[in-house]
Amino acid sequence: MMIRFAIVPLLLALNFSMCKRNETVSQNSQPSSTPSPTPAAPVAAASPKITKPVVDQTAQTIIFCYHRLVDKVRYPGTEITPAAFEAQMKELKDHGITVISMQDLLAWKRGEKNIPPRCAVITFDDGWKSQYEVAWPILKKFGYPVTMFIYTEGVRGGSLGGGEAITWEQLGDMRDNGVDIEAHSATHQDLREGHSIMLASTGGKRTRAKLTGPQYEEWVRNEVVGSKELLEQRLGIKVDCFAVPFGNYNEHVKELARNAGYEAMFTVYGQPITFTSPMDSLGRYAIEANKPKVFEDAVKMIGASTSGGAPVAEVGAKDLATQPADGETVRTALPLIKANLSGLGQIEPGSVQMRVSGLGVVPASYDPKTETVSYQVTQKLRDKSCSVFVSAKSAGKKVEAHWTFGIEEGDAGPPPAGTPAQKK
Ligand SMILES: [Zn+2]
């Protein structure tokens with residue numbers, strides 16, 4: 001997993017929300033070395049040179065993740081009112097932010113298509129009928145494209161798809177009208193090995209299990225690959241995006257997704273997407289009724305008034321040698337947290353700061369000789385996952401990195417990080 005550094009206001013950090021307990025972060029930077037050179041022209045005589053358009057590498061996109069639209073919010077972690085949603089859609093327009101399709105974002109990332117300097121992508125997760133009945137008409141009013149991240153067992157008729165779930169017919173209608181439909185697993189659970197999961201059969205029988213080894217591999221393959229194939233087969237589409245349930249993943253899950261042909265993977269750790277943001281952890285802002293600030297902050301992040309965008313450097317996790325590693329699960333709530341900052345170049349030793357989710361700024365020590373920042377946690381971490389943020393000044397600019405690891409004490413596994421509410 002890559003860990004990135006960026007000149008990024010730290011305020012990015014702390015919007016934890018229901019769908020994002022264990023997110024991998026990434027913000028990133030740096031105009032990648034150089035734009036890829038123009039491919040060689042075909043040899044044929046007078047044929048015109050085929051050139052890629054020169055894309056604006058300083059453009060930025062924020063991606064929003066919505067769930068349900070309801071008139072009366074009962075679960076503010078995943079719901080907002082249609083009025084609030086519509087107001088936000090209008091606000092994007094008012095701020096000069098162009099809503100583009102996911103496919104345009106991907107084409108821009110490939111260097112194939114230009115996008116306006118400040119963009120947003122709208123996504124809806126899980127597949128609720130209110131997305132079809134309420135959200136879509138509002139989006140059409142604004143002429144905004146939208147992407148749906150569907151977990152296949154949650155579609156009406158699936159083992160988790162009740163009366164509030166979207167139907168295959170509705171998805172087909174959306175597809176016919178240009179809506180981008182992408183994958184969000186089969187059963188919407190923590191995809192990492194060894195987590196307690198729920199196994200459901202269409203008959204309605206449920207069992208809890210902790211799968212390991214070949215059984216786990218078979219299960220996770222169906223979640224990551226099977227769900228993609230099912231969407232592609234049922235709808236006759238190409239699925240190239242994967243939104244990770246709760247953002248809980250690790251290298252193995254990523255590798256599975258990459259091998260399955262996914263071009264992009266999404267978390268719910270909101271951050272502006274830049275030209276060099278790694279494709280396997282594109283962060284989305286999860287919009288919730290009880291956290292209106294998340295939307296405002298996201299808009300501000302790419303707003304003209306911020307220093308926004310200023311890309312800097314990109315450093316791989318291996319260069320940072322973080323401990324615990326990104327995506328790792330440790331068995332203690334009192335871990336030693338470490339990162340080697342040498343990949344950042346010259347940093348000002350006095351400027352190094354570490355934040356730990358649940359603790360805030362911690363008295364970490366930085367050893368300029370080994371260029372290592374470390375902190376021994378002394379107060380048990382209470383969450384199942386822990387995000388660490390390290391920042392420092394380098395050449396007068398602030399650089400920041402963050403990563404996330406999981407905590408699972410003892411053998412008695414906790415319940416999974418989250419199980420989707422069954423669609424009633
Ligand atoms: Zn979801």
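The values are calculated or read from the model by the stated rules, or taken from the named source; none is laboratory data. Everything quoted here is computed from the prediction, not taken from an experiment. As a convention, Cβ positions derive from the backbone with ideal geometry for all residues, glycine included, and neighbour counts pool all protein chains shown. For accessibility, only protein heavy atoms count, side chains too; no ligands or nucleic acids. Shrake-Rupley method; radii C 1.70, N 1.55, O 1.52, S 1.80 Å.
Close Cβ contacts (under 8 Å, 6 or more residues apart or on different chains) running from residues in the range 243-257 that are without any contact (Cβ under 8 Å) to a residue 40 or more places away in the chain to residues that are more than 16 Å from the ligand (Cβ to nearest atom) and charged (D, E, K, R) comprise 256/221; 257/280.
In the condition set (1) in contact with a Pro (Cβ under 7 Å, 6 or more places away or on another chain); (2) assigned to a helix (DSSP H, G or I); (3) open to solvent by 50 Å² or more (accessible area, probe 1.4 Å), residue 113 is compliant with all but (2). All of 210, 141, 129, 205 fail the test of being within 16 Å of the ligand (Cβ to nearest atom) and over 25 Å from residue 272 (Cα atoms), apart from 129. Restricting 300, 293, 210 to those that are open to solvent by 30 Å² or more (accessible area, probe 1.4 Å) and without any contact (Cβ under 8 Å) to a residue 60 or more places away in the chain reduces the list to 300. Among all residues of the range 342-351, there is none that is within 23 Å of the chain's Cα centre (by Cα) and at pLDDT below 85. All conditions but one from (1) under 23 Å from the mean Cα position of the chain (by Cα); (2) farther than 24 Å from residue 83 by Cα; (3) away from the ligand (no atom under 15 Å from the Cβ); (4) modelled with pLDDT of 95 or more apply to residue 182; the one that does not is (3). Just name the residue that is nearest to residue 115 (Cα to Cα) out of those in the range 156-176 that are crowded, with 19+ Cβ neighbours inside 10 Å and polar (S, T, N, Q). Here the residue is 170. Here residue 148 meets each of (1) among the aliphatic types (A, V, I, L, M); (2) within 15 Å of residue 171 (Cα to Cα); (3) part of a strand (DSSP E or B); (4) away from the ligand (no atom under 16 Å from the Cβ) with one exception, condition (4). Residue check: is residue 153 within 16 Å of the ligand (Cβ to nearest atom), acidic (Asp, Glu) and either loosely packed, with under 14 Cβ neighbours inside 10 Å or more than 16 Å from residue 124 (Cβ to Cβ) (or both)? So residue 153 fits the description; yes. The residues of the range 213-236 that are over 19 Å from residue 254 (Cβ atoms), open to solvent by 40 Å² or more (accessible area, probe 1.4 Å) and either part of a helix (DSSP H, G or I) or within 16 Å of the ligand (Cβ to nearest atom) (or both), listed by number, are 214, 215, 230, 232, 233, 234. As for the range 249-257, it holds no residue that is more than 17 Å from residue 160 (Cα to Cα), assigned to a helix (DSSP H, G or I), within 16 Å of the ligand (Cβ to nearest atom) and in contact with a Ser or Thr (Cβ under 7 Å, 6 or more places away or on another chain). Taking interchain pairs and intrachain pairs at least six residues apart, which have beta carbon atoms under 7 angstrom, with the first residue in the range 87-101 and over 16 Å from residue 66 (Cα atoms) and the second open to solvent by 20 Å² or more (accessible area, probe 1.4 Å) and basic (Lys, Arg)? Close Cβ pairs satisfying both conditions: 96/118; 97/118; 98/118.
Considering the range 63-85, the residues that are among the hydrophobic types (A, V, I, L, M, F, W, C) and not in a loop (DSSP other than H, G, I, E, B) include one that is farthest from residue 264 (Cα to Cα), namely 83.
So for the range 163-171 (the condition being closer than 20 Å to residue 206 by Cα, touching a residue at least 24 places away in the same chain (Cβ under 8 Å) and away from the ligand (no atom under 16 Å from the Cβ)), does at least one residue qualify? Yes, there is a match, as at least one residue in the range 163-171 is closer than 20 Å to residue 206 by Cα, touching a residue at least 24 places away in the same chain (Cβ under 8 Å) and away from the ligand (no atom under 16 Å from the Cβ). Is it the case, given these coordinates, that residue 186 is touching a strand residue (DSSP E or B) at 6+ places or on another chain (Cβ under 7 Å) and either aliphatic (A, V, I, L, M) or under 23 Å from residue 255 (Cα atoms) (or both)? It is false that residue 186 is touching a strand residue (DSSP E or B) at 6+ places or on another chain (Cβ under 7 Å) and either aliphatic (A, V, I, L, M) or under 23 Å from residue 255 (Cα atoms) (or both). Before we move on, is residue 269 closer than 20 Å to residue 78 by Cα and either within 16 Å of the ligand (Cβ to nearest atom) or part of a loop (DSSP other than H, G, I, E, B) (or both)? Here the answer is yes, as residue 269 does meet what is asked.
When residue 240 is tested against the conditions (1) modelled with pLDDT under 95; (2) more than 14 Å from the chain's Cα centre (by Cα), the lone failure is (1).
For the range 359-385, the tally of residues that are open to solvent by 100 Å² or more (accessible area, probe 1.4 Å) and assigned to a strand (DSSP E or B) stands at 0.
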